[in-house]
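Some notes on the structure that comes next.
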Amino acid sequence: MKLLIINGPNLGNIGRREPEIYGHEDFEPYLESLKKEFPEHEIHYFQSHHEGEIVEKIHSAKGENYDGIILNAGAYSHTSYSIRDAVAAINIPVVMVHISNVYARENFRHENVIAAKCKGVITGFGLRSYELAVRSFAG
Ligand code: DQA
């Protein structure tokens, strides 16, 4: 399968950002290990701090023949109706992931305005949340 991982704002420095919450592992080496673990999948990666760029990437995924999107929209998960609308506008399944368990954190993180348009949500398994999301596409 051709899969696209999209990471939103503040997810470019995982491993150094609040490691007590997000762990000590950098995302890029984790991504390489993920690709090695799933050689049968073609896994692409995009990260942006900008809402509009994420919206554009979701729309362009349609023309790029992706079978699925794994989306960690960061704090936009709690606020972005434009990313929600973009997810709703494409007919590619989107699995939302969070590294941390957002339900064990501040109240504002309990609201997710994008999740209802996603196939499912995986939250709280550290970087392993991405691996579980990849597996969810295989079944
Ligand atoms: C996050 C959770 C969000 O609440 C937060 O704003 C992030 C990361 C996670 O992966 O746990 O940036 O999406």
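Summary table below
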quantity: Residues being more than 28 Å from S82 (Cβ to Cβ), in contact (Cβ under 8 Å) with a residue 60 or more places away in the chain and surrounded by fewer than 14 Cβ atoms within 10 Å (Cβ to Cβ) - total across the stretch 5-39; calculated: 1
quantity: The stretch 85-104: number of residues that are of a type in the set (V, I, T) and either modelled with pLDDT under 95 or under 15 Å from E64 (Cβ atoms) (or both); calculated: 3
quantity: The stretch 115-135 residues that are touching a residue at least 60 places away in the same chain (Cβ under 8 Å) and within 13 Å of the ligand (Cβ to nearest atom), paired with ones that are of a type in the set (A, V, I, L, M) and assigned to a loop (DSSP other than H, G, I, E, B) (beta carbon under 8 Å, 6 or more apart); calculated: G126/I99; L127/I14; L127/I99
quantity: Top-ranked residue in the stretch 9-25 [being more than 12 Å from I99 (Cα to Cα) and in contact with a helix residue (DSSP H, G or I) (Cβ under 8 Å, 6 or more places away or on another chain); ranked as nearest to the ligand (Cβ to nearest atom)]; calculated: N10
quantity: Hits in the stretch 54-75 - residues which are farther than 22 Å from A138 by Cα, in contact with a Phe, Trp or Tyr (Cβ under 9 Å, 6 or more places away or on another chain) and more than 16 Å from the ligand (Cβ to nearest atom); calculated: K57
quantity: Leading residue by the ranking (surrounded by the most Cβ atoms within 10 Å (Cβ to Cβ)) among those in the stretch 42-61 that are among the hydroxyl-bearing types (S, T, Y) and within 11 Å of L4 (Cβ to Cβ); calculated: Y45
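The values are calculated or read from the model by the stated rules, or taken from the named source; none is laboratory data. Every value quoted in this text rests on a predicted model; they were computed, and no experiment measured them. Quick reminder, even Gly has a Cβ in these numbers, built from the backbone with ideal geometry, and neighbours come from all protein chains shown.
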